[in-house]
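Q: The structure follows.
The values are calculated or read from the model by the stated rules, or taken from the named source; none is laboratory data. These numbers were taken from a predicted model, which means no experiment stands behind them. Glycine also receives a Cβ, built like all others from the backbone with ideal geometry; neighbour counts cover every protein chain displayed.
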Amino acid sequence: MKILEVIGVTKRFGRVMALKDVSFTHFEGEILGVIGPSGAGKTTLVNLITGSLSYSNGDIRFGGGSIRDLKPHQIGQLGISRTFQVKPPLTKMSALENVMMGALFGRTERRRGGRAARRRAEEALDFLGLAGKKDIPIERLNGLERKRLEMAIAMAMNPKLLLLDEVMSGLNPTEIDVGVALIKEVRDTGVTILVIEHVMKAIAKVSDRVVVLHHGEKITEGPPEIVLNDRQVIDAYLGKRYKATAALSKTEKII
Ligand SMILES: Nc1ncnc2c1ncn2[C@@H]1O[C@H](COP(=O)(O)OP(=O)(O)O)[C@@H](O)[C@H]1O
Ligand SMILES: [Mg+2]
């Protein structure tokens, strides 16, 4: 079953074409990786799906209906939530308060009010291993804990589709393995996940299928083991001087 369809979407910022006629389908239960070098249009794609930015051409459908003209809060209530690459500003608030905000803006808890939101927030913190940190102002959380918090906020929205924007950047290989396991655990709770990453190794491990963006265009899509060895993909990441042979291992060294 299709959960998300991106159909011929184009987004311009003045003379910059951030996305050019991009189309792909995301199936229910699938972990779909979206990769591409910096500036490829990955975050723009998330901003369009979540209604934070409008677009001139194309359509985005969720659960069979167009979400093109919906506001971000309506899209959140339908069941799409996201993490932000930029850190949230509410750093004096506790982890629990931040996650409760997620719950209140999400799919199920807004009508049920504070107590239900608190319960869902506590569940999300517990799931992400942050139960012991719930009363701490988030400015005192370390980098890894903040990434977990971002996921807890998104999870508390009780999404059907979760968009993760570079949640594994800056992690070491051991932490990436933890992140990958966590994302799979979230999927196993019934959430469909779109993972945006710059780190190819993480994408190779976590994705069922991968879409590659480069200069705003989709250059290929398919299973990670094929896509990450694709000549065009290697060129996009590494420049043409690298040979395609043993591409994946070379790529891993670079990142
Ligand atoms: N709000 C914006 N205003 C102007 N240009 C933007 C804006 N957001 C993104 N861009 C441009 O669009 C292109 C794609 O950016 P982005 O989607 O952030 O890439 P990625 O997340 O893949 O690194 C870049 O050239 C970037 O400078
Ligand atoms: Mg980005």
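Q: Any residue in the stretch 102-118 that is of a type in the set (Asp, Glu) and either surrounded by fewer than 23 Cβ atoms within 10 Å (Cβ to Cβ) or farther than 25 Å from residue 73 by Cβ (or both)?
A: no
Q: Also: So, in the stretch 156-184, of the ones that are at positive phi and within 16 Å of ligand 2 (Cβ to nearest atom), which residue ends up surrounded by the fewest Cβ atoms within 10 Å (Cβ to Cβ)? Even if it seems obvious, please write down each step before you answer.
A: Of the stretch 156-184, the ones at positive phi are 158, 166, 170.
Okay, now just the ones that are also within 16 Å of ligand 2 (Cβ to nearest atom), so 166, 170.
Values: 166: 19, 170: 12.
It comes out as 170.
Q: Still on this structure: Please report, ordered by residue number, the helices (runs of 4 or more DSSP H) entirely within the stretch 1-105 with at least 3 residues that are over 19 Å from residue 221 (Cβ atoms), touching a residue at least 12 places away in the same chain (Cβ under 8 Å) and more than 16 Å from ligand 2 (Cβ to nearest atom).
A: Working: elements: 42-49, 72-78, 95-104.
Helices (runs of 4 or more DSSP H) meeting the threshold: 72-78, 95-104.
Q: In the stretch 188-219, how many are more than 16 Å from ligand 1 (Cβ to nearest atom), crowded, with 16+ Cβ neighbours inside 10 Å and either among the β-branched types (Val, Ile, Thr) or modelled with pLDDT under 95 (or both)?
A: Qualifying residue count, the stretch 188-219: 7.
Q: Of all residues being assigned to a loop (DSSP other than H, G, I, E, B) and touching a residue at least 40 places away in the same chain (Cβ under 8 Å) in the stretch 191-205, which is nearest to ligand 2 (Cβ to nearest atom)? Just the residue, please.
A: Looking at the filtered set, the residue picked out is 198.
Q: I've got another one for you. Among the residues of the stretch 11-36, what is the count of those that are near ligand 1 (Cβ under 7 Å from one of its atoms) and within 16 Å of the chain's Cα centre (by Cα)?
A: Looking only at that region, the number is 1.
Q: Restricted to the stretch 206-234, and to residues that are in a strand (DSSP E or B) and within 14 Å of ligand 2 (Cβ to nearest atom), which residue is farthest from the chain's Cα centre (by Cα)?
A: 214
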